[in-house]
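The structure under discussion appears below in the form of structure tokens.
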Amino acid sequence: MARRVTNPCLLAALPLALALTLPLTLPLILAACSSDKKETEENPNVFPADYKNEILTTMTTMLDDPTNVRSAYISDPILRAAGKDERYIVCVRSDSRNVYKQYAGNKDRVGIFYGGHLNQLIDATKEQCGNAAYKPFPELEHLCQAKKCV
């Protein structure tokens with residue numbers, strides 16, 4: 001049960017208190033209500049300008065043996081369905097060595113980008129990279145000749 005304020009001095013001071021605090025708080029309240037959430041959301045389909053370097057950095061940590069990669073190819077970024085949304089994807093094909101230093105054969109991977117940056121690099125399906133327009137990717141073949149990879 002709420003208490004009613006019946007003191008005449010407090011009732012008389014209430015309009016003055018509101019009059020003093022309202023001009024200070026009203027702009028803050030209105031600013032919070034008027035913010036447009038769409039302006040702060042990141043565009044998920046920004047072109048991945050540095051896609052090759054992001055792929056190389058990820059492959060260095062992802063491969064069992066990032067040295068002596070051969071038959072490396074990459075596609076240009078294209079907008080394609082990735083799940084239920086459209087995202088920039090890049091297809092990568094390479095023959096790398098396993099933990100026993102044996103070449104495992106060509107493997108296709110798909111890089112999925114969000115906001116211009118690599119989000120996932122996973123095994124590709126035929127639907128994702130079966131018709132990719134590959135071009136040579138010598139940077140992947142020389143990945144660990146210029147860097148310390150042990």
Of the residues in segment 72-114, those that are touching a residue at least 60 places away in the same chain (Cβ under 8 Å) and out of contact with any Leu (no Cβ under 9 Å at 6 or more places or on another chain) come to Ser75, Phe113, Tyr114
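Assess whether Tyr73 counts as being closer than 19 Å to Glu139 by Cβ, aromatic (Phe, Trp, Tyr) and in the same structural domain as Ile122 (by TED's automatic domain parsing).
Taking the combined requirement at face value, the residue satisfies it.
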Picked from segment 58-67 (must be touching a strand residue (DSSP E or B) at 6+ places or on another chain (Cβ under 9 Å) and without any contact (Cβ under 8 Å) to a residue 60 or more places away in the chain), the residue farthest from Asp123 (Cα to Cα) is Asp65
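The values are calculated or read from the model by the stated rules, or taken from the named source; none is laboratory data. Since we're looking at a predicted model, the values are computed, not measured. Cβ atoms come from the backbone with ideal geometry, glycine included; neighbour counts cover every protein chain shown.
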